[in-house]
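Every number here is computed from the coordinates shown, using simple stated rules; none is lab data. Keep in mind that this is a model prediction, so the values were computed, not measured. Neighbour counts run over all protein chains shown; Cβ positions are idealised from the backbone, glycine included.
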């Protein structure tokens with residue numbers, strides 16, 4: 001009989017207690033995993049806007065979410081003139097839906113002459129005319145999903161549009177979008193000369209961060225975003241989501257730890273005599289704490305596994321809800337598993353430490369007297 | 001045996017000098033100047049009415065507690081000055097409880113083996129020693145039975161095997177026959193005697209049972225925390 005065997009045996013011998021404790025850990029892990037995946041997936045999906053064009057960085061309105069950013073063509077002209085800026089393309093963004101299969105349809109207003117400089121390739125057909133009112137181009141993923149080819153009709157927001165081309169951006173986000181001629185799209189959205197974002201390409205030999213700084217210094221209304229981290233920081237909505245996610249993690253760990261502590265304290269009362277006997281037989285306090293912690297770690301591992309499984313199931317259910325189809329594309333980053341493991345260990349260690357120390361402090365003769 | 005000790009000049013295994021132990025900040029005096037010696041391999045019984053201090057003395061002998069004053073040396077160690085009492089309990093003394101106190105979810109081999117954790121013995125060595133001890137107490141073939149599957153006498157024999165796991169110098173038993181029927185009681189007493197001879201241990205048995213007292217070389221009577229009679233002492 002090895003110590004590890006004894007740990008596993010004790011966990012197995014008290015199945016109900018072990019199961020309840022593992023369940024508490026699993027609930028904590030489930031909460032943390034599902035919230036983490038959802039937050040990360042939404043952030044990644046939304047940040048796909050950064051990949052719409054081949055650009056070093058994106059300029060948006062300072063202090064507003066990227067998708068709600070409101071800029072002007074005057075600001076675009078000013079950015080184009082800044083040192084280090086080689087080219088800047090302005091787009092107007094809006095969201096809509098296209099039936100149940102596409103609850104989130106990204107609409108992009110762009111000048112036809114800017115399409116190719118943005119790095120967008122035309123896979124079929126051609127660009128729309130600059131002043132066309134009913135012509136659109138569709139992303140290659142959308143075209144495949146809806147079996148659209150140039151010449152087909154597509155109803156968007158109650159208006160019939162003619163698909164004149166199919167484009168390929170190379171990004172999941174962009175390839176599910178629809179492009180409109182900018183001028184008519186601005187008129188439709190009632191924002192003449194309005195834009196949402198500028199995609200900026202820098203001149204060769206110039207540090208991108210310096211150009212970013214130049215753009216931000218040129219106007220307090222502008223922010224330059226280069227990556228996912230800056231994207232998250234630029235959007236108060238995402239900052240809030242991240243804060244909620246972190247708060248939920250702390251609450252989940254706290255509640256989980258309390259449930260684990262409660263179960264382990266009940267178990268301690270149940271095992272007073274056992275602990276007293278093994279202390280009387282010469283077990284050290286450290287070995288006894290090691291036994292209790294070892295049992296807890298086995299339970300934590302089971303809880304973590306179950307929690308991760310349930311978390312994935314929850315995310316799968318959420319991502320298949322009609323309202324979230326296409327909005328929540330689950331992304332399982334390795335750090336999610338790390339976070340699950342940390343949660344499980346934190347819940348267990350916090351929950352078990354007090355009962356374990358109480359067990360270690362038990363006087364053997366006192367413990368053996370108890371029934 | 002005490003005469004033998006005096007004659008041989010051998011160091012006593014247990015040496016208690018004016019041992020005093022109180023509880024509740026001195027309000028309850030459990031032991032009040034207890035003095036006695038026990039020679040190597042001697043079989044000593046301690047008896048007395050309830051509340052006379054037997055269990056307190058047993059706890060002190062097993063280093064489960066320390067005296068307030070006086071000197072108590074067991075197996076060459078002053079129990080009041082032990083740096084690692086758990087090591088002392090594991091390696092110098094073996095404990096047998098009245099209610100056997102086996103762990104119900106472990107089988108007989110596991111119950112014996114659990115006493116050997118923390119020693120230098122490896123897993124295989126522990127298992128072999130546990131099996132050897134179960135054979136010694138006549139439980140060969142019952143190693144994989146759990147306590148609920150054993151009779152009262154068999155459980156007490158597992159407890160005896162466990163107490164001997166680390167080859168202690170002293171075996172301390174608290175009412176070892178208290179919960180046993182006549183047949184099992186006789187078996188356990190015979191076994192205790194055999195273990196004393198074969199394993200070379202010193203036996204200190206706390207009991208009210210006349211047959212247990214009769215089996216001892218010497219009987220120490222306690223009353224109100226004092227030794228009132230030490231049969232066999234000069």
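Quick notes
- Normalised contact order of the range A:57-225, rounded percent, pairs of Cα under 8 Å and 6 or more residues apart: 36
- Taking 0.36 nm per residue of separation and subtracting the Cα-Cα distance, full extension of the segment from residue A:221 to residue A:70 would add 53.4 nm.
- Computed from the Cβ-Cβ distance with R0 of 25 Å, the FRET efficiency linking residue B:20 to residue A:285 stands at 0.35.
- Label zone at residue A:350, where the point sits 7 Å out along the Cα-to-Cβ direction: the range A:240-260 residues whose backbone N lies under 14 Å: A:246-260
- For the range A:1-74, the share of alpha carbon pairs falling in successive 5 Å distance bins from zero is 3, 12, 11, 13, 10, 8, 7, 7, 6, 5, 7, 7, 3, 1, 1, 0 percent.
- Modelled spin labels at residue A:152 and residue A:337, positioned 7 Å past Cα toward Cβ, are 3.9 nm from each other.
- Förster radius 60 Å - calculated FRET efficiency between residue A:358 and residue A:233 (Cβ-Cβ, nearest 0.05): 0.85
- Debye intensity ratio in log₁₀ form over the Cα atoms of the range A:187-322, taken at each q of 0.17 Å⁻¹: -1.10
- For the range B:1-157, relative contact order (Cα pairs under 8 Å, six or more residues apart, normalised by length) works out to 18 percent.
- More than 20 angstrom apart: percent of Cα pairs within the range A:249-336: 56
- Size-normalised alpha-carbon gyration radius of chain B, reference 2.2 N^0.38 Å: 0.99
- Convex hull volume of the Cα atoms of the range A:25-131, normalised per residue: 175 Å³.
- On Cα atoms only, tilt of B:152-163 relative to the major axis of chain B in degrees: 70
- Reducing the range A:146-208 and the range B:189-234 to their Cα centroids gives an inter-centroid distance of 99 Å.
- Inter-part distance where the range B:23-60 and the range A:1-76 are each reduced to a Cα centre, Å: 64
- Net lengthening on full extension, residue B:50/residue B:151 (0.36 nm per residue, minus Cα-Cα): 33.6 nm
- Principal axis extents of the C-alpha atoms in the range B:99-171 (largest first, rounded to whole Å): 32, 25, 20.
- Its residues counted as N, the range A:242-292 yields a C-alpha radius of gyration over 2.2 N^0.38 Å of 1.67.
- Here the relative contact order of the range A:147-234, from alpha carbon pairs under 8 Å that lie six or more residues apart, stands at 11 percent.
- Compactness ratio for the range A:131-171: Cα radius of gyration over 2.2 N^0.38 Å (N = residue count) comes to 1.11.
- Once the gyration tensor of the Cα atoms in the range A:57-225 is diagonalised, the equivalent ellipsoid follows with semi-axes of 29, 16, 14 Å, ordered largest first.
- Tilt relative to chain B, helix B:182-199 - C-alpha long axis, 0 to 90 degrees, to 10: 80
- Helix A:236-270 axis versus longest C-alpha principal axis of chain A: approximately 10°, rounded to the nearest ten.
- Per-pair calculated FRET efficiency, R0 = 35 Å: residue A:206 and residue A:101 via Cβ, rounded to 0.05: 0.20
- Site pair residue A:187 and residue B:10 shows an inter-label distance of 11.6 nm when each label is modelled 7 Å from Cα along Cα→Cβ.
- As a rough guide to protection, the peptides B:25-35, A:193-203, B:214-224, A:251-261 ranked by mean Cβ packing within 10 Å, highest first, stand as A:193-203, A:251-261, B:214-224, B:25-35.
- Label reach from residue A:160 (point 7 Å along Cα→C-beta): in the range A:127-150, amide nitrogens under 17 Å belong to A:133-136, A:149-150.
- Spin-label model, residue A:250/residue B:214: points 7 Å from Cα along the beta carbon direction are separated by 7.4 nm.
- Where only alpha carbons of the protein assembly as shown are counted, the Rg and the Dmax (Å): 40.0, 125
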